[in-house]
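K.L.:
My questions all concern the structure below.
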Amino acid sequence: MTEKDRIPTIQVGSGEKFVNDRGIAAIKDGIKAAATIAPRQEKPDWLRIRVRGGATFDKVRDIVHQHKLATVCEEAKCPNISECWTSGTATIMLMGDVCTRACRFCAVNTGNPRGWLDQDEPEQVARSVQLMNLKYVVLTSVNRDDLPDGGAAHYAACVRRVRDVNPDTVVEALTPDFLGSSGDVETVVDSGIAVFAQNVETVRRLTHPVRDPRAGYQQTLDVLAHAKAFRPEVMTKTSLMLGLGETDEEIYDCMNDMRAAHVDILTLGQYLQPTRNHYPIRRYVTPDSFERYRQWGLQLGFFEVVSGALVRSSYRAEQVLAKTLTLP
């Protein structure tokens with residue numbers, strides 16, 4: 001199989017563009033050129049992060065580093081790393097820390113892993129979950145468009161091994177979109193997970209330029225809808241970043257689209273610009289607005305809506321699932 005066979009093309013205007021190393025570099029250069037260098041706004045009080053540490057935090061950090069695990073907590077500069085690791089939880093990122101896509105909001109490295117996978121990763125992850133004594137673990141990953149199945153089989157192998165070693169641990173999978181492949185989605189959904197998540201990230205109008213050209217608003221909704229139809233007992237979940245320039249009407253319309261795709265759980269959080277080369281913040285959303293959006297979501301029929309400035313996709317995920325499972 002040639003490199004061109006492994007890495008999908010993306011549509012650019014009326015033609016196609018093959019994304020190889022030079023193509024990825026061009027995307028990144030375009031991001032830098034297009035980024036609006038706006039004056040930094042002072043963060044409001046509700047975005048102040050309380051830094052915590054301690055023995056539990058140190059234990060989780062040591063296990064993550066000793067087992068050479070990538071975590072979205074570190075790679076994506078999550079503001080909740082102190083709170084979550086102090087509570088003894090972590091979101092583990094599979095298949096390395098290099099993503100084949102170049103979304104303008106994301107701090108994860110972009111490149112071409114050229115088909116590399118760590119065949120020991122399922123065992124490493126399973127034993128790490130055991131050492132951390134996790135009752136609920138979120139497994140996420142970078143996009144791996146360099147692999148024929150987007151890494152679905154490897155993802156499923158990690159889930160199954162975690163469940164083998166930790167039969168009482170609940171697993172959530174926060175996955176790539178697998179370029180919309182229903183078969184690859186089914187591979188992960190059928191691996192023993194309790195929650196399947198794929199993030200819409202932003203409203204329809206802002207999907208491009210905020211997300212990589214290979215991602216898509218409708219593609220994500222279709223992935224979520226298929227996952228729910230394939231395994232109705234598996235909860236589905238998505239996330240929306242706010243502060244990118246969306247309007248209230250667009251937020252409400254997006255929530256409606258999610259419910260039409262039978263999404264069960266929604267998280268809403270403030271977008272924080274990782275560097276000046278990333279997509280700029282257009283506004284800081286107030287706590288009152290986050291609460292209003294939460295009430296909209298509940299009225300539309302989501303089982304749960306977690307809404308707040310520092311909320312991220314996996315934030316206190318175990319508490320959300322526990323609540324949804326008690327619903328009639």
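The values are calculated or read from the model by the stated rules, or taken from the named source; none is laboratory data. Bear in mind that the values here come from a model prediction, so they are computed numbers and not experimental data. We place every Cβ from the backbone using ideal geometry, glycine too, and count neighbours over all the protein chains shown.
K.L.:
Against the conditions (1) outside any helix (DSSP H, G or I); (2) at pLDDT below 95, where does HIS262 fall short? Just the number, please.
P.N.:
(2)
K.L.:
Tally the residues that are more than 12 Å from LEU242 (Cβ to Cβ), among the aromatic types (Phe, Trp, Tyr) and in contact with a strand residue (DSSP E or B) (Cβ under 9 Å, 6 or more places away or on another chain), restricting the search to the range 278-298.
P.N.:
Number satisfying all stated conditions: 1.
K.L.:
Take the residues in the range 148-176 that are under 19 Å from the mean Cα position of the chain (by Cα) and in a loop (DSSP other than H, G, I, E, B), then tell me which one is surrounded by the fewest Cβ atoms within 10 Å (Cβ to Cβ).
P.N.:
Residue satisfying both the conditions and the ranking: ASP149.
K.L.:
Here's a follow-up. Looking at the range 229-237, is at least one residue outside any helix (DSSP H, G or I), in contact with a His (Cβ under 8 Å, 6 or more places away or on another chain) and on the phi < 0 side of the Ramachandran plot?
P.N.:
yes
K.L.:
Continuing with the same structure: Specify the residue that is nearest to MET235 (Cα to Cα); the eligible residues are those in the range 123-147 that are among the small types (Gly, Ala, Ser) and part of a helix (DSSP H, G or I). Spell out how you get there, then give the answer.
P.N.:
The first filter runs over the range 123-147 and keeps only residues among the small types (Gly, Ala, Ser), leaving 126, 128, 141.
Those left that are additionally part of a helix (DSSP H, G or I): 126, 128.
Working: ALA126: 22, SER128: 25 Å.
Here the residue is ALA126.
K.L.:
Tell me, yes or no, whether the range 241-259 has at least one residue that is charged (D, E, K, R) and over 16 Å from THR202 (Cα atoms).
P.N.:
Of all residues in the range 241-259, those charged (D, E, K, R) come to 246, 248-250, 253, 257, 259.
Okay, now just the ones that are also over 16 Å from THR202 (Cα atoms), so none.
Checked the range 241-259: no residue is charged (D, E, K, R) and over 16 Å from THR202 (Cα atoms).
K.L.:
Right, here's the next one. Does PRO148 meet the test of being closer than 30 Å to ARG282 by Cβ, out of contact with any helix residue (DSSP H, G or I) (no Cβ under 6 Å at 6 or more places or on another chain) and at pLDDT 95 or above?
P.N.:
Against the criterion (closer than 30 Å to ARG282 by Cβ, out of contact with any helix residue (DSSP H, G or I) (no Cβ under 6 Å at 6 or more places or on another chain) and at pLDDT 95 or above), PRO148 does not qualify.
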